[in-house]
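The values are calculated or read from the model by the stated rules, or taken from the named source; none is laboratory data. On a predicted model such as this, the values are computed, not experimentally measured, just so you know. Glycine gets a Cβ as well: all are built from the backbone with ideal geometry, and neighbour counts include every protein chain shown.
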């Protein structure tokens, strides 16, 4: 990547560069401040928060709030901590992301390389799912889930998120595959490869960048979703709902340190996905652009 | 019954017919070139032979087997695409053997076939590379290799040379011709380049607006074009087409043409059938090389006629000098020897080879039978 940077940077004077870095540093600090507050306060005993400065570093460092948030905090009426809900979220988000991404890729493949009468209309209709507000579908969705016997279960939530996500993933893959030369598909047909073979051997190996985009988008949206989780979660509520139950409890002492720890726990997976996959994302884009 | 038989084939998209009743029979081992300007239907016809587009009506058969509705993979054909269509994620070796793999050929046989083809095309050192690491000419060879390794009944080429630079294009053209002479496999080749068509083919189908305008050997197409379109499309510079009047002197048909200074000159035809056109207007077709300086005229021709006209422009092109003059009120181009003494603005004595002249009906723009 270093050679790319060399080629693309303009020469700037030392003074300009210092100024640019100062501004960037300022923005970085501004964005990191809330995270610092959360992290610092999650490592303090409660008395330090209620009695002192929110911005100060802990005097007595402790990880008890983290342990409490994870395994023993009162969530609703059960003192289970966030652990079971974290597991629910994982069990929901992994299949939902995988299924919606695979379906999106297949849809994109069909809509660009196996054109049929009315395909653009179908694609346009699928795009609608990106614009429909969540609240509108709550009641019909509940009816459908009830009829399917999936109400209040993780498979039910997976279905809801797949249905909602497939419009976006189809959009991503369709636009990506539209730029993929159709002559390659024709060559593979003459070579004797069938529908799935072409997809698996020709298209999928070059789909890295768009798959990363699709996974990041889907993972973030599904993990962070609250409305569907609260409406259809039943006994299998995801992390976001549990966090709300933890933070919004109206009885007892507000354990801010535990709340901060819980909030960070809830945000950790998406953070991880961005840090890990984000690098692949940039790398994928670079590889594509340099290849020419 | 030809080896590749295209009979009565049409192609329509909705109610628009883009290809009208095409009939071409190709013998085994022939090199057929489909040539025409863009949008003439040549690529559509090729895709229909390949099975990539459906046939609206009519039949296409290869080696006696009707191919309508047969999947491209089952037709025993191979195709070279304009963009080469190499699989970017596979190495050159994998690209070439992908088709064999899909047809279930065992690994050892694939390796042997790959070695043969790589040797034939001199790409042995490239087999481990990815297409992205190859130059245009190398990609072209790999694309050919992918087609060759299948040992098909028919090779299909879709403008395979149009993405190469001019020099490489000429080299690859020669290589394709050599390859055909070595393999003797039936080939169908689509191009918009008339030079490629004339040099490569054993037969040419000139297409325009969804019709085959003329089907014939390169010599037939060049010397006796079926109509004004074929005459002007094939050959560079294009055939000169100028209005003339047929007069008969001592039983011989002559073309009466107005020269640049307004004088009438009479050029005797070699074709006797034109006496029937006495007193009527025709379009006279003269190739630039049939209008030359007296020293450059074809010595074998029995009908060289002198013609005096004023030179307007001269263009020295190294091997020839092209000269523009006016005949019948139209600019016409003459091809002179490189060192012919021609100066713009001067009167010049041209020599017209009337053996090579053709005549067209000005209404239908088709060639007058026997002329």
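The single condition among (1) in contact with a strand residue (DSSP E or B) (Cβ under 7 Å, 6 or more places away or on another chain); (2) in contact (Cβ under 8 Å) with a residue 60 or more places away in the chain; (3) within 14 Å of chain A (Cβ to nearest Cβ) that residue B:28 does not satisfy is (3). Filtering segment A:193-203 down to residues that are crowded, with 18+ Cβ neighbours inside 10 Å and in a helix (DSSP H, G or I), which residue is farthest from the other protein chains (Cβ to nearest Cβ)? For segment A:193-203, the residue satisfying everything is A:199. Checking B:120, B:114, B:164 one by one, the residue that is more than 13 Å from every other protein chain (Cβ to nearest Cβ) and either modelled with pLDDT of 90 or more or touching a strand residue (DSSP E or B) at 6+ places or on another chain (Cβ under 6 Å) (or both) is B:114 and no other.
Step by step: first the residues of segment B:52-61, then only those that are closer than 18 Å to residue A:192 by Cα and more than 8 Å from chain A (Cβ to nearest Cβ), then the one that is surrounded by the most Cβ atoms within 10 Å (Cβ to Cβ). Which residue is that? My answer is B:53. Being over 17 Å from residue B:158 (Cβ atoms) and within 8 Å of the chain's Cα centre (by Cα) holds for only one residue in B:225, B:218, and it is B:218. The number of residues in segment A:40-81 being touching a helix residue (DSSP H, G or I) at 6+ places or on another chain (Cβ under 7 Å) and under 20 Å from residue A:239 (Cα atoms) comes to 12. Any residue in segment B:291-309 that is without any contact (Cβ under 8 Å) to a residue 12 or more places away in the chain and under 26 Å from residue B:230 (Cβ atoms)? Within segment B:291-309, one or more residues are without any contact (Cβ under 8 Å) to a residue 12 or more places away in the chain and under 26 Å from residue B:230 (Cβ atoms). Across segment A:182-192, the qualifying residues are those that are facing chain B (nearest Cβ under 7 Å) and in contact with a helix residue (DSSP H, G or I) (Cβ under 7 Å, 6 or more places away or on another chain), and the one among them that is surrounded by the fewest Cβ atoms within 10 Å (Cβ to Cβ) is A:192. Somewhere in segment A:204-226, is a residue away from chain B (no Cβ under 14 Å) and outside any helix (DSSP H, G or I)? Yes, segment A:204-226 has at least one match. Just so you know, in segment A:59-84 the residues that are at pLDDT below 80 and in a loop (DSSP other than H, G, I, E, B) include one that is surrounded by the most Cβ atoms within 10 Å (Cβ to Cβ), and it is A:73. Of all residues in segment B:26-60, those satisfying the criterion of being assigned to a loop (DSSP other than H, G, I, E, B) and more than 15 Å from the chain's Cα centre (by Cα) are B:27, B:28, B:29, B:39, B:51, B:52, B:53, B:54, B:55, B:56. The residues on offer are B:99, B:132, B:104, B:69, and the sole one that is within 10 Å of chain A (Cβ to nearest Cβ), over 21 Å from residue A:205 (Cβ atoms), outside any strand (DSSP E or B) and more than 29 Å from the chain's Cα centre (by Cα) is B:104. For residue B:309, the criteria (1) surrounded by fewer than 19 Cβ atoms within 10 Å (Cβ to Cβ); (2) not in a helix (DSSP H, G or I) hold in every case but one, which is (1). You will find that of A:142, A:179, the residue that is surrounded by fewer than 22 Cβ atoms within 10 Å (Cβ to Cβ) and within 13 Å of chain B (Cβ to nearest Cβ) is A:179 and no other.
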